[in-house]
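Asks: One structure follows; several queries about it will come next.
The values are calculated or read from the model by the stated rules, or taken from the named source; none is laboratory data. Just so it is clear, the model here is predicted, and its values are computed rather than measured. A quick note on method: Cβ atoms are made from the backbone with ideal geometry, for glycine too, and the neighbour counts reach across all protein chains shown. Please note that ligands, DNA and RNA were not included when accessible areas were found on the heavy atoms of the full protein model with its side chains. Shrake-Rupley method; radii C 1.70, N 1.55, O 1.52, S 1.80 Å.
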Amino acid sequence: MDLRELPLRERKKARTRQALTETALRLFTEKGFDHTTLDELVDAVEVSKRTFFRNFPSKEDVALAADTELWSTFLAEVDAMEVSGLVLDAFRSALRVSLARMDEGWGPRFLATRALCAVTPAVEAHSLRYCDQTTQAAFARMGARTGFDAGDVRLKLVIEVAIAAWRHAALSWTADGGPGGLAGLQRRLDAAFAAIPESIALTGTNATR
């Protein structure tokens, strides 16, 4: 999102939040998550702990800010969309629009977050909990837009398949170092979604004797 589109007060808040996120990821990467204190973080950004807690509930949450930026944008996009075709296509469309709305620094923040999760059990556990919460929210929001009950097994399965496609695209992109920036991530996302029909129809080729 272009911060220039926001009112002055909201721009200041967004810049403070971004400074906290980027500084936290730098310190967590350099010193380790457990060895970086909250005092060190707020001193580096020159804000108070009160300001930090107005933006993030915990150190784990600031570490995962790139994730929450994307998925809060995604859920808002779902709330505003009209779904008249395939639910899978609607999910992909909302995710592509959300990725396009991320600022130019989002990619590096996302890469740093994924690297941090790989070596920090507390952040990885928090990420898994957030993923579950977001999945449940996606069931409810997509259900509301499509007229299906959030507990309908068909809706849940198609959303879980869509999330699996996202995870494959995101993890392969981050494992390779984020080639091509967000456009490269978009291409991997499209390829993962395009592979879904053939994947579901996949059959074994080795005959059992």
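Asks: Round to the nearest 10 and give me the degree value, 0 to 90, for the angle of helix 8-31's Cα axis relative to the longest principal axis of the chain.
Replies: 90 degrees
Asks: While we're here: Of the peptides 127-135, 64-72, 164-172, how do they stack up when ordered by the mean number of other Cβ atoms within 10 Å, highest first?
Replies: Going by the mean number of other Cβ atoms within 10 Å, highest first, we get 64-72, 164-172, 127-135.
Asks: Tell me the carbon and sulfur percent of the accessible area for the chain, rounded to whole percent, probe radius 1.4 Å.
Replies: Numbers: 6340 of 11830 Å².
Of all accessible area on the chain, carbon and sulfur atoms account for 54 percent.
Asks: How far, in degrees from 0 to 90, does helix 181-194 lean away from the longest principal axis of the Cα atoms of the chain, to the nearest 10?
Replies: Long axis of 181-194 versus the principal axis of the chain: about 20 degrees.
Asks: I'd like to check one number: the per residue accessible area of the chain, probe 1.4 Å, reported in Å² as a whole number.
Replies: Dividing the accessible area of the chain by its residue count gives 57 Å².
Asks: On a C-alpha basis, how far is the centre of segment 134-209 from the centre of segment 98-123 in Å? Whole number, if you could?
Replies: So the two Cα centres are separated by 19 Å.
Asks: Continuing with this model, one more query. When we measure straight from the Cα of Lys59, which lysines land under 17 angstrom away, once same-chain ones fewer than 8 places off are left out?
Replies: In chain and number order, the partners are Lys31, Lys49.
Asks: On a 0 to 90 degree scale, rounded to 10, what angle separates helix 106-119 from the longest Cα axis of the chain?
Replies: In the chain, helix 106-119 runs at an angle near 90 degrees to the longest axis.
Asks: I need the phi-derived Karplus couplings for segment 91-99: 6.51 cos²θ - 1.76 cosθ + 1.60, θ = phi - 60°, integer Hz, Gly and Pro marked x.
Replies: Couplings: 4, 4, 4, 5, 6, 5, 4, 5, 4 Hz.
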